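**Student:** I have a structure I would like to understand better, so I am pasting it below and will then ask my questions one at a time.
The values are calculated or read from the model by the stated rules, or taken from the named source; none is laboratory data. Nothing here was measured: the structure is a model prediction, and the numbers come from that model. Ideal geometry is used to build each Cβ from the backbone, glycine not excepted, and the neighbour counts take in all protein chains shown. In case anyone asks, the SASA skips ligands and DNA or RNA and just uses the protein heavy atoms, side chains included. Shrake-Rupley method; radii C 1.70, N 1.55, O 1.52, S 1.80 Å.
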Amino acid sequence: MDKNDKSSGVSRRRLLQAAGAGVAGGAVLYGLDKLRLLPSFEQPKPVPPAERMTCRVNPKNGDKVSLLGFGCMRFPMLPGADSPTGPEVNEQGAFALVDYAIAHGVNYFDTAWPYHRGVSESVIGKALQHYPRESFYLADKMPTFLMPTREQAREIFEKQLEKCKVEYFDYYLLHAIQSVEAYQTVYEKNGVLEYLLEEKKKGRIRNLGWSFHGNAPTLEYLLSRDVAWDFAMVQLNYHDMLHEYKIAPNQAKFIPKDPAPTQWMFEKMQQSGLPLIVMEPLLGGRLARLNKKALAILQAERPEASGASWAFRYVAGLPNVITMLSGMTYMEHLQDNLRALAPYEPLSGREMEVLKAALNVFLTQSNIRCTTCGYCMPCPYGVDIPSVFAHFNRCLDDELIPKGTRDPDYEKARRAYLVEYERSVPELRQAARCTGCGKCLTHCPQMIAIPDEMARLGKFVENLRTRQG
């Protein structure tokens with residue numbers, strides 16, 4: 001950072017505060033003690049300095065990108081926020097995390113038009129505005145789901161530059177391509193791809209790629225286009241790579257074909273030679289938590305390592321991966337991720353077998369495959385879908401699901417589940433409010449049968465309230 005740059009003084013002050021927060025555990029020095037933070041480490045483990053962050057060189061352009069990328073989908077929220085992915089972002093908390101990340105070697109930031117319901121771009125723009133433009137890489141995305149015309153795409157792109165306070169994007173994506181039809185309509189018939197390529201020629205897009213959430217024919221179509229793609233973003237994690245996921249049969253009326261098998265998709269991407277940006281390496285945090293039995297297997301092999309570190313190390317060992325995105329809400333998450341990748345240590349053969357054993361235990365649970373991305377929101381009937389799923393998954397991981405009325409601990413578990421459910425999800429936003437309209441289904445990247453799951457959880461909660469099971 002240029003010490004003579006006037007903006008550097010502001011950034012250095014924030015960085016000093018960030019460093020102090022790291023030593024203290026993160027909460028009070030930032031005024032974040034009123035947020036929904038995880039407990040601070042009683043004896044904070046040291047966080048590696050910036051020079052120890054593992055970086056990967058993008059073979060297409062020579063960019064030296066931090067292996068840990070900062071996903072701007074899950075910024076910290078204000079107390080009483082509407083939803084974990086709502087617009088009520090705690091900006092000071094977000095700035096603190098960004099400053100700390102930069103101070104420890106992170107230089108890749110990823111935002112999008114719908115993140116935090118339109119607020120994410122503005123927050124990261126404010127967070128980065130005091131840093132020299134060449135010191136970070138910023139990624140943004142064209143919202144495919146809006147089905148924009150060429151003129152609408154131009155207006156969106158101009159607005160994104162304005163919100164992010166930049167004159168160009170280092171990486172720009174066609175967001176969440178799910179079907180051939182959507183791609184053809186928006187990017188071919190509507191001329192949006194032609195417009196984006198023009199912006200690339202002007203230098204306002206440095207690298208053009210896409211993020212993928214579709215089926216096999218869609219991926220093959222993307223890779224067959226006569227377009228010089230610079231990179232791609234795909235979902236990769238050890239859960240999906242080592243365990244083939246199938247959508248529910250009743251989902252077929254909304255999703256024409258099964259999602260592309262992850263292993264097959266990965267092999268196709270390797271054949272393409274495109275540099276890979278990885279999203280959901282932790283499967284929305286699911287692989288950071290696991291469950292008690294699965295986590296115990298990992299801890300027996302490496303007691304000091306977190307569940308998240310195993311997931312990062314697996315993905316980092318895959319070819320062509322230049323960065324992995326993590327949406328880090330809490331300072332503790334950020335610090336742990338930094339320790340995992342500064343520097344990166346490949347998994348040994350033995351560790352790979354241990355990881356597979358832990359996954360097999362984890363798969364015995366009826367977890368809901370929600371990553372709390374918020375793409376399903378807002379629900380037209382007010383249901384907070386991510387929070388409902390997150391509460392159930394947390395209780396499942398911690399073995400706190402009531403086992404039945406004959407269990408001696410049933411009453412205690414029943415009350416605990418209901419009390420925390422009421423605290424984390426207001427009554428008018430709970431599963432029972434779901435009407436089964438299905439609007440959320442076509443937006444869910446994980447292809448979860450959301451109405452069915454809501455009906456199941458709604459009935460489950462009602463049974464707990466009436467002590468029926």
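**Student:** Using beta carbons and a limit of 7 Å, which pairs, at least six apart or on different chains, have the first residue in the range 409-422 and more than 14 Å from ASN463 (Cβ to Cβ) and the second one part of a helix (DSSP H, G or I)?
**Tutor:** Hits for this filter: GLU420/HIS391.
**Student:** Could you please give the count of residues in the range 148-191 that are farther than 17 Å from ASP230 by Cα and in contact (Cβ under 8 Å) with a residue 24 or more places away in the chain?
**Tutor:** Filtering the range 148-191 down to residues farther than 17 Å from ASP230 by Cα leaves 148-167, 178-186, 188-191.
Right, trim to in contact (Cβ under 8 Å) with a residue 24 or more places away in the chain and you get 148-150, 153-154, 156-157, 160-161, 163-167, 178-180, 182-183, 185-186, 190-191.
Looking only at that region, the number is 23.
**Student:** Among the listed residues PRO79, PRO148, PRO132, PRO87, which satisfies the condition of being modelled with pLDDT of 95 or more, of a type outside the set (D, E, K, R) and surrounded by fewer than 19 Cβ atoms within 10 Å (Cβ to Cβ)?
**Tutor:** Working: PRO79 fails: modelled with pLDDT of 95 or more; PRO148 fails: surrounded by fewer than 19 Cβ atoms within 10 Å (Cβ to Cβ); PRO87 fails: modelled with pLDDT of 95 or more.
When all the criteria are applied, what remains is PRO132.
**Student:** Then there is this: Take ALA139 and decide whether it is outside any strand (DSSP E or B) and either surrounded by 24 or more Cβ atoms within 10 Å (Cβ to Cβ) or not charged (D, E, K, R) (or both).
**Tutor:** Details: outside any strand (DSSP E or B): no; either surrounded by 24 or more Cβ atoms within 10 Å (Cβ to Cβ) or not charged (D, E, K, R) (or both): yes.
It is false that ALA139 is outside any strand (DSSP E or B) and either surrounded by 24 or more Cβ atoms within 10 Å (Cβ to Cβ) or not charged (D, E, K, R) (or both).
**Student:** Among the residues of the range 319-326, are any in a helix (DSSP H, G or I), crowded, with 21+ Cβ neighbours inside 10 Å and not small (Gly, Ala, Ser)? Don't jump to the end; show me each part of the working.
**Tutor:** Narrowing the range 319-326 to residues in a helix (DSSP H, G or I): none.
Looking for residues that are in a helix (DSSP H, G or I), crowded, with 21+ Cβ neighbours inside 10 Å and not small (Gly, Ala, Ser), one finds none in the range 319-326, hence no.
Matching residues to (1) touching a Leu at 6+ places or on another chain (Cβ under 9 Å); (2) within 27 Å of TYR381 (Cβ to Cβ); (3) in a loop (DSSP other than H, G, I, E, B):
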residue	(1), (2), (3)
PRO48	yes, no, yes
GLU51	no, no, no
ARG56	yes, no, no
PRO59	no, no, yes
GLY69	yes, no, no
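**Student:** Which condition number in (1) open to solvent by less than 20 Å² (accessible area, probe 1.4 Å); (2) at pLDDT 85 or above is the one that PHE95 fails?
**Tutor:** (1)
**Student:** Looking at (1) touching a strand residue (DSSP E or B) at 6+ places or on another chain (Cβ under 6 Å); (2) closer than 19 Å to MET331 by Cβ; (3) open to solvent by less than 10 Å² (accessible area, probe 1.4 Å); (4) not in a strand (DSSP E or B), which is the one condition that is false for ALA127?
**Tutor:** (1)
**Student:** If you don't mind, another one. Under 9 Å between Cβ atoms, which residue pairs at least 6 apart in sequence (or on different chains) link something in the range 43-64 that is more than 16 Å from ASN207 (Cα to Cα) with a partner that is part of a loop (DSSP other than H, G, I, E, B) and open to solvent by 50 Å² or more (accessible area, probe 1.4 Å)?
**Tutor:** So the pair list comes out as LYS45/GLU304; PRO48/PRO343; ARG52/PRO343; MET53/PRO343; THR54/PRO343.
**Student:** Mind checking which residues of the range 264-303 are in a loop (DSSP other than H, G, I, E, B) and touching a residue at least 12 places away in the same chain (Cβ under 8 Å)? Let's see the steps before the verdict.
**Tutor:** Our first condition is that a residue be in a loop (DSSP other than H, G, I, E, B); within the range 264-303, this holds for 273-275, 280-285, 290-291, 302-303.
Within the range 264-303, GLY273, LEU274, PRO275, GLU280, PRO281, LEU282, LEU283, GLY284, GLY285, LEU290, ASN291, ARG302 meet the criteria.
**Student:** Further question: Scan the range 177-190 residue by residue and report those that are open to solvent by 10 Å² or more (accessible area, probe 1.4 Å), under 18 Å from MET447 (Cβ atoms) and either in a helix (DSSP H, G or I) or among the basic types (Lys, Arg) (or both).
**Tutor:** At the first step, the residues of the range 177-190 found to be open to solvent by 10 Å² or more (accessible area, probe 1.4 Å) are 178-182, 184-185, 188-190.
Filter once more, so that each one left must be under 18 Å from MET447 (Cβ atoms): 178-182.
Within the range 177-190, VAL180, GLU181, ALA182 meet the criteria.
**Student:** To continue, here is another question. Do we find that LEU193 is modelled with pLDDT of 95 or more, outside any helix (DSSP H, G or I), open to solvent by less than 30 Å² (accessible area, probe 1.4 Å) and touching a helix residue (DSSP H, G or I) at 6+ places or on another chain (Cβ under 7 Å) in this structure?
**Tutor:** Values: modelled with pLDDT of 95 or more: yes; outside any helix (DSSP H, G or I): no; open to solvent by less than 30 Å² (accessible area, probe 1.4 Å): yes; touching a helix residue (DSSP H, G or I) at 6+ places or on another chain (Cβ under 7 Å): yes.
No; evaluated as a whole, the condition is false for this residue.
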